Amino acid sequence: MEQIQKNPNRAVAGGIFRNSESICIGCFTQSLGEKNALYVELVAAMTAIEIAHNNGYNHFWLETDSQLVTLAFNSSSIVPWVLRNRWFNCMLRIRQMRFIVSHIYREGNACADSLENIGLSLASSDLFWSESLPDSIRGEYNRNRLGMPNFKFTTFWKGFGTFPLFSFVLFFVLI
């Protein structure tokens, strides 16, 4: 197994599409280079909307762990100008859908977080799409589907305890 070199400045976005029975019908991940958290979260949401639109998913529920993304659906002034044109195109697309956006806590996002390593192996701006669940995320997917709790912790220094580990990806549900 090839070791993936992690660059702390590389951003990765991703998400999982599920049907109303919580069965995976597709997933994506994308390497975005060196970007800030808001940029990455918005690109992930826009990519999910574009994939949903292109696949004819007319009922779409987007769950995100970013409260700023949920706010952006009410006020596009949050969206950076470099993303505005794409954002407005996505807003037109969701008008053709039965669309819901909601916030989830980080712990509910572990399944989509597992796509991070796949995204880190991609060249910048490459998009990985799969209609089946990659083996590398099957464990997280099954835990999530069974409703088992999930907590991520990492130790930074000995004696300082554990702190949550953060990354920037989304979790998507299709109803």
For ASP135, ASP126, ascending order of other Cβ atoms within 10 Å (fewest first) is ASP135, ASP126
When THR47, THR29, THR70 are ranked with the fewest other C-beta atoms within 10 Å first, the list becomes THR70, THR47, THR29
Report the label-to-label distance for ARG86 and ASP126 in nanometres (one decimal), using points 7 Å from each Cα along the Cα→Cβ vector. 1.8 nm
Along region 21-29, what does the Karplus equation 6.51 cos²θ - 1.76 cosθ + 1.60 (θ = phi - 60°) give for ³J(HN,Hα), rounded to whole Hz, x for Gly and Pro? 9, 6, 8, 5, 10, x, 8, 9, 8
Within 12 Å, Cβ to Cβ, of THR70, how many net charges do the neighbouring residues add up to if Lys/Arg are +1 and Asp/Glu are -1? -3
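Here, each number is a calculation from the coordinates, and none is a lab measurement. Note that the coordinates shown come from a computational prediction; the quantities given were computed from them, not determined experimentally. Glycine gets a Cβ as well: all are built from the backbone with ideal geometry, and neighbour counts include every protein chain shown.
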